[in-house]
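Novice: Input: one structure, supplied below.
Since every read-out is calculated from the coordinates, none of them should be taken as a lab result. What you see is a predicted model, and the numbers here were worked out from it, not measured in a lab. No Cβ is skipped: glycine too gets one built from the backbone with ideal geometry, and neighbour counts run over all protein chains shown.
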Amino acid sequence: MPASAEERDLGTFDLTVVGGGAAGLWAALCAAEEGGSVCLVSRKPLAESASFHAQGGLAAALDPEDSPERHFQDTIAAGRNLCRASAVEVLTAEAPGIVDDLIRRGMTFDRQSDGSLSLALEGGHSLRRIIHAGGSQTGREITSALAQMVADMDRITVLEETSAVALVSDGERCHGVVTEDGTIRSAATLMASGGAAALWRRTSNPWGAIGAGPVLASAAGAELADLEFCQFHPTCLSAPGTRFDGALITEAIRGEGATLLDSEGRRFTDELAPRDDVTAAILAQARQQEGREVRLDLRSIDPARFPSVFGMLEAAGFDGTKTPVPVSPGAHYMMGGIAVDLDGRTSVAGLYAAGECACTGIHGANRLASNSLTECFVFGRRAARAGLEERSSRFPALPEWRFDPPLVETRQAVWEFAGPLRDAAGLAHLADDRYPLARAIGKTALAREESRGGHRRTDFTETDPALDLTHLIYMPDGRIELRRWE
């Protein structure tokens with residue numbers, strides 16, 4: 001009998017990377033430069049990853065008045081006493097070196113007239129420390145450059161428009177990846193498949209950001225963590241019924257002076273407070289206005305600084321140079337994901353994770369703006385190098401389980417019951433959802449009986465000090481364990 005497509009042997013590698021965004025591209029590049037043979041699997045063409053669309057920049061202490069220590073403190077404060085301090089220390093200490101490395105490789109970042117890097121200010125940061133490329137086109141510039149570097153590396157085999165449908169795992173060790181086109185054998189497998197914010201109906205993310213990585217990893221026996229924490233970006237365009245509803249208006253615009261206005265045209269909050277506070281303020285103001293949207297006033301902003309944002313607004317029928325535009329929060333970034341250590345190792349030997357699909361504990365309950373892209377580089381490199389230390393072992397039989405994407409009904413249910421405001425009655429509805437990650441989000445959000453960061457319970461409105469630094473670990477069998485990370 002001829003072999004099925006999934007049984008076809010696609011080769012043996014030192015490292016297989018699943019995901020073609022910033023974390024995946026960088027990890028593949030770093031592993032190849034260390035001498036490893038790499039297979040990069042990307043569901044979309046490399047130019048269509050979520051990282052490609054990212055408007056934010058990289059956070060790093062680059063100003064002479066700044067320091068990794070100050071960046072550390074800002075991250076810890078934004079994370080609402082849930083950050084893993086050791087991971088934050090690694091991130092903030094290694095971030096400046098990552099920027100230097102990218103510049104040496106020829107990446108071009110925005111600069112001042114004197115040639116110095118242009119540093120932006122975003123919510124929760126005490127100093128300007130965000131670098132961008134092309135204004136709000138940082139993701140496009142970085143992923144395009146990385147994709148070209150990857151294409152030029154002989155040691156990297158790229159499989160574009162190829163979906164991973166399962167991991168080859170015996171529950172103790174991961175041995176490779178099953179794709180829709182065949183099976184890849186590898187000593188180490190690195191999940192870099194992106195986030196899950198599109199599991200919420202109203203989202204700033206591409207429609208494919210459905211948390212496939214955590215679902216695949218959990219099915220293979222890996223632990224997940226912090227799934228109750230999704231960051232809702234405060235300023236997503238409100239254009240119900242159109243394809244522009246939920247489109248992101250970058251926080252950097254607020255850093256340059258854009259203000260949030262109530263229905264009477266009055267400023268009502270600190271636009272540069274951490275994102276969970278700004279989101280809460282917008283929701284409260286909308287309730288006071290009987291559901292009418294708040295507006296973002298961009299009239300003081302030079303459109304040339306943010307051409308992609310003003311272009312999007314124009315396409316959506318808004319002239320941001322003349323009239324404040326309606327905004328409301330949308331799901332933007334998952335703080336939770338596959339639980340990993342500081343080198344990207346999961347609870348399954350041979351399986352690693354980096355980027356938004358991973359949970360290092362850096363972000364705690366509320367991500368500090370622009371730390372995520374920095375995390376992709378810092379921890380993508382660490383995971384790639386650690387993965388090259390793995391050695392091949394006996395290849396088991398292929399698993400029977402295959403990934404099945406969520407239905408539209410799931411996205412609506414997650415938005416309705418696990419949105420910016422949630423309660424026990426609503427969360428209980430997710431317990432029986434057919435999509436594994438929706439069930440896991442519902443269970444962990446139900447178990448955390450407090451409000452903290454991006455997790456806001458209307459039935460438990462206060463923060464419980466007993467849950468400080470306590471992470472909810474979602475086990476492969478659906479149990480939840482409480483764990484404190486050093």
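Novice: Taking square-rooted eigenvalues a ≥ b ≥ c of the alpha carbon gyration tensor, is segment 408-484 rounded, prolate or oblate, where a/c under 1.5 means rounded and, failing that, a/b exceeding b/c means prolate?
Specialist: Oblate shape, in that a/c is at least 1.5 and b/c is the bigger or equal ratio.
Novice: Taking 8 Å as the Cα distance limit and 6 or more residues as the minimum spacing, I'd like the relative contact order of the chain as a percentage.
Specialist: Rounded, it is 22 percent for the chain.
Novice: Using the Cα gyration tensor of segment 351-470, with a ≥ b ≥ c the square roots of its eigenvalues, what is the shape: rounded (a/c below 1.5), prolate (a/b larger than b/c) or oblate (neither)?
Specialist: oblate
Novice: When N is the residue count of segment 329-377, what does its C-alpha Rg come to as a fraction of 2.2 N^0.38 Å?
Specialist: 1.15
Novice: How tilted is helix 436-447 with respect to the longest principal axis of the chain? Cα atoms for both, answer in degrees (0 to 90, nearest 10).
Specialist: Around 60 degrees separate the two axes.
Novice: What are the ³J(HN,Hα) values, in whole Hz, obtained from phi via the Karplus relation 6.51 cos²θ - 1.76 cosθ + 1.60 with θ = phi - 60°, for each residue of segment 461-472 in sequence order, with x given for Gly and Pro?
Specialist: Ordered by residue, 3J(HN,Hα) equals 7, 9, 7, 8, x, 5, 9, 4, 6, 10, 9, 8 Hz.
Novice: Using amide H atoms built in the peptide plane, which far-off residues or other-chain residues are under 5 Å from Gly11 H to H?
Specialist: So Gly11 has HN proximity to Arg185.
Novice: If you place +1 on the Cβ of every Lys and Arg, -1 on the Cβ of every Asp and Glu, and leave all else neutral, what size is the dipole of the chain about its Cα centre, to the nearest 20 Debye?
Specialist: Around 440 debye, computed over the chain.
Novice: Given H placed 1.01 Å from N in the peptide plane, which residues other than close sequence neighbours of Gln231 have an amide H under 5 Å from its amide H?
Specialist: The list, which skips near neighbours in sequence, is His332, Tyr333, Met334, Met335.
Novice: Also, quick follow-up: How big is the Cα convex hull of the chain in projection, averaged over all directions, in nm²?
Specialist: 22.1
Novice: Gln412 label point, 7 Å along Cα→Cβ, cut-off 16 Å on backbone N: hits in segment 163-201?
Specialist: Counting backbone N atoms under 16 Å from the label point, the list is 199-201.
Novice: Hey, another quick one. Calculate the translational D of segment 79-208 in whole µm² s⁻¹ from Stokes-Einstein, where the hydrodynamic radius comes from the Kirkwood formula applied to all Cα pairs, the temperature is 4 °C and the viscosity 1.567 mPa s.
Specialist: 69
Novice: Amide H neighbours of Val17 under 5 Å, counting only residues 5+ apart in sequence or on other chains, H built in-plane at 1.01 Å?
Specialist: Placed amide hydrogens put Cys39, Leu40, Val41, Leu190 under 5 Å from Val17.
Novice: Using alpha carbon centroids, what distance separates segment 134-154 and segment 236-260, in Å?
Specialist: Value for the Cα centre distance between the two parts: 25 Å.
Novice: Provide Ile131, Ile441 in ascending order of the number of other Cβ atoms located within 10 Å of each residue's Cβ, fewest first.
Specialist: Ile131, Ile441
Novice: Once a ≥ b ≥ c are taken as the square roots of the eigenvalues of the Cα gyration tensor of segment 230-332, is the result rounded (a/c under 1.5), prolate (a/b larger than b/c) or oblate (a/b not larger than b/c)?
Specialist: Rounded is the answer for segment 230-332, as its axis ratio a/c remains below 1.5.
Novice: Quick one: dipole size for segment 203-343, taken about the Cα centre, charges +1 on Lys/Arg Cβ and -1 on Asp/Glu Cβ, in debye to the nearest 20.
Specialist: For this selection, approximately 560 debye.
Novice: Still on this structure: Can you list, bin by bin at 10 Å, the percent of alpha carbon pairs in segment 1-132, starting at 0?
Specialist: 10, 30, 32, 18, 7, 3, 1
Novice: I've got another one for you. Please turn the phi angles of segment 159-175 into ³J(HN,Hα) values with the Karplus equation 6.51 cos²θ - 1.76 cosθ + 1.60 (θ = phi - 60°), one per residue in order, whole Hz, x for glycine and proline.
Specialist: So the Karplus estimates, Gly and Pro as x, are 10, 7, 6, 10, 9, 6, 10, 5, 9, 7, 9, 9, x, 10, 9, 9, 10 Hz.
Novice: Using alpha-carbon pairs under 8 Å, 6+ residues apart, how would you state the relative contact order of segment 159-271 in percent?
Specialist: About 16 percent, as a whole number.
Novice: Also, quick follow-up: Got a sec? How would Phe377, Phe318 order by Cβ neighbour count within 10 Å, fewest to most?
Specialist: The order, fewest Cβ neighbours first, is Phe318, Phe377.
Novice: In whole angstrom, note down how far apart the Cα centers of segment 333-409 and segment 169-221 are.
Specialist: Centre-to-centre (Cα) distance: 9 Å.
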